[in-house]
Amino acid sequence: MSPIQEALLLGAALIAVALLAVFDVIPEAVAQHAPLAVVPLVLRRRNACAGRAC
């Protein structure tokens with residue numbers, strides 16, 4: 001998957017979580033912590049690019 005596709009997918013997932021919280025499908029506290037759940041994915045991507053151009 002290209003970096004652009006990954007970024008779009010992560011953005012869409014975070015927007016979906018926010019919309020679910022607005023419509024009270026999921027609790028607001030879950031939506032507040034959703035960006036923190038993305039951090040390991042970003043760090044994994046950054047470590048994969050160490051030593052070579054991505």
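The values are calculated or read from the model by the stated rules, or taken from the named source; none is laboratory data. Here the structure is a predicted model, which is why all the values come from computation and not from measurement. With ligands, DNA and RNA removed, areas are computed over all heavy atoms of the protein, side chains included. Shrake-Rupley method; radii C 1.70, N 1.55, O 1.52, S 1.80 Å.
Does Leu20 satisfy the condition of being open to solvent by 80 Å² or more (accessible area, probe 1.4 Å) and at pLDDT 85 or above? Considered against the rule, which asks whether it is open to solvent by 80 Å² or more (accessible area, probe 1.4 Å) and at pLDDT 85 or above, Leu20 comes out as no.
Within the range 1-17, the set of residues being part of a helix (DSSP H, G or I) and open to solvent by 100 Å² or more (accessible area, probe 1.4 Å) comprises Ile4, Gln5, Leu8, Leu9, Ile15. Scan the range 23-37 for residues that are open to solvent by less than 60 Å² (accessible area, probe 1.4 Å) and part of a loop (DSSP other than H, G, I, E, B) and report the count. Matching residues across the range 23-37 total 1.
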